[in-house]
Amino acid sequence: MKSFLFSIIAVAMLFVSCSSQQEVNVYSARHYDTDQALYDQFTQETGIEVNLIEGGSDELIERVKSEGLNSPADILITVDAGRLWRAEEAEILQPFESETLEERVPSSFRHPEGLWVGLSKRVRGLVVNPDAVDNYEELTYEDLADPRFEGRVCIRSSNNIYNQSLVASMVETLGAEATEEWAKGLVANMAREPQGGDRDQIRAVAAGVCDVAVANHYYLAVMITGDDEADQEAASNVQFVFPNQGEDGRGAHVNISGAGILKNAPNKANAVRFLEYLTTPEAQKYFISGNNEYPINDNAEVAPVLQQFGEYKSDAVNVSALGSNNPEAIRIMDRAGWK
């Protein structure tokens, strides 16, 4: 009888110990060593243990769906607002409130109903051969469809979520009909069929395959700061351009990496605290350094390599539109013959 009572007490103590453990469970599609160092710092400062599962965005979304009510996940971190929209459509996120996040993160980089928040910014701009493109500082996305660029444009596949989000932003600003006309003009101006990733587009400009390409800013930053001498050489022969910067321009297309709190999160309060921590100027410095992204908090310091790109005006479209307009964007790209 005594041993039985001791067993009950032991199990009860274990249950209390486990239930009172301070933790936050993070499913992340980001894979940077600097992120782990940041999570360790959060634990050191708060006593909240960060349990990390990494994977692809779609893989993690499916995992949360399959886990259902038993999912241990508190937070989903992913890249591109289009993928956050996929999580929203899967109905795995819950709204949350934080005055701290509202103060630190501009409204255009937060979900209107509080389902997710941006953590860093990614500019999808233009990379040009400055010797081949006149007045390249004045370029716009619309210029990519201008006949003067026939046979001079490189861009990756329409299957790429970054391109889908760019087109989705144009649907929001220009409307579907005008965006489709633009997409048809872009396809007509391609120097080659879409192939490779963003770095391949940059290399193509440097090699003279095309004069202008579309790429996220950090791919060029990585080529500049990396150890590959060929990539360093290629990067030295191109120029990054923030499009649509004129007085009446809408600004450069900016996407995000961001995070939402999952519907069945067992540690919601800790999850909110974790997201607030990631948006502090101190944490932002480390969070963005792994991939040379721009900080979501304007009070945070920009990485040195990005300072040479200069300042820019960003599109004011709420990035949630990049997700809601994604199906229309894909249909437009298909009709335009964008492979």
Determine the per residue accessible area of segment 25-73 with all protein chains present and a 1.4 angstrom probe, expressed in square angstrom. 52
Distance between Cα centroids, segment 155-182 to segment 276-320: provide it in whole Å. 24
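Tell me, what is the percent relative contact order of segment 48-125, built from C-alpha pairs under 8 Å that lie six or more residues apart?
22
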Residue 21 versus residue 146, label points 7 Å from Cα toward the beta carbon: distance in nm? 6.0
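So, with a 1.4 angstrom probe, what is the percent of accessible area on segment 77-193 that is carbon and sulfur?
Working: 1820 of 4810 Å².
Carbon and sulfur: 38 percent of the exposed surface of segment 77-193.
Report the semi-axes of the equivalent ellipsoid for segment 97-234 in whole Å, largest first, where each axis is √(5λ) for an eigenvalue λ of the Cα gyration tensor. Intermediate results must be reported in sequence, preceding the final value.
Numbers: eigenvalues 167, 89, 32 Å².
In descending order, the three semi-axes are 29, 21, 13 Å.
Just need the relative contact order of the chain here, percent rounded to a whole number, with Cα pairs under 8 Å and 6+ apart. Numbers along the way, then the final one.
On the way: 652 pairs, mean separation 96.2, N = 339.
So the answer I get is 28 percent.
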Assign unit charges at the C-beta atoms only (+1 for Lys and Arg, -1 for Asp and Glu), then state the dipole size of segment 121-271 relative to its Cα centre in Debye, rounded to the nearest 20. 900
Leaving ligands and nucleic acids out of the surface, order 111, 31 by accessible area at 1.4 Å, largest first. 31, 111
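Within the set 121/268; 121/313; 184/339; 121/285; 65/268, which residue pairs have Cα atoms separated by over 22 Å?
On the way: 121/268 25 Å; 121/313 13 Å; 184/339 12 Å; 121/285 13 Å; 65/268 18 Å.
In this structure, 121/268 exceed 22 Å between Cα atoms.
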With every protein chain in place, what's the accessible area of residue 339 (1.4 Å probe, Å², nearest 10)? 130
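Could you give the accessible area per residue of segment 236-305, probe 1.4 Å, as a whole number in Å²? Intermediate values should be presented prior to the final figure.
Values: 2580 Å² over 70 residues.
About 37 Å² of surface per residue is accessible.
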Just reorder 190, 333 by solvent-accessible area, largest first, 1.4 Å probe, all chains present. 190, 333
In degrees, nearest 10, the alpha-carbon axis of helix 2-19 is tilted away from the dominant principal axis of the alpha carbons of the chain by 30
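Please list, by residue number, every one of the GluC sites (Glu not before Pro) in segment 128-211 that is coil in DSSP and has at most 15 other beta-carbon atoms within 10 Å. Provide the component values of the computation, followed by the final result.
Working: sites: 137, 138, 142, 150, 172, 177, 180, 181; in loops: 150.
When the GluC sites (Glu not before Pro) of segment 128-211 are filtered for loop state and at most 15 Cβ neighbours within 10 Å, 150 remain.
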Averaged per residue, the 1.4 Å probe accessible area of segment 77-233, protein heavy atoms only, in Å², is roughly 41
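The values are calculated or read from the model by the stated rules, or taken from the named source; none is laboratory data. These figures come from a predicted structure and were not determined experimentally. Here the Cβ is made from the backbone with ideal geometry for all residues, glycine too, and neighbour counts use every protein chain on show. Just so you know, the surface numbers come from the protein's heavy atoms only, side chains and all, with ligands and any DNA or RNA stripped out. Shrake-Rupley method; radii C 1.70, N 1.55, O 1.52, S 1.80 Å.
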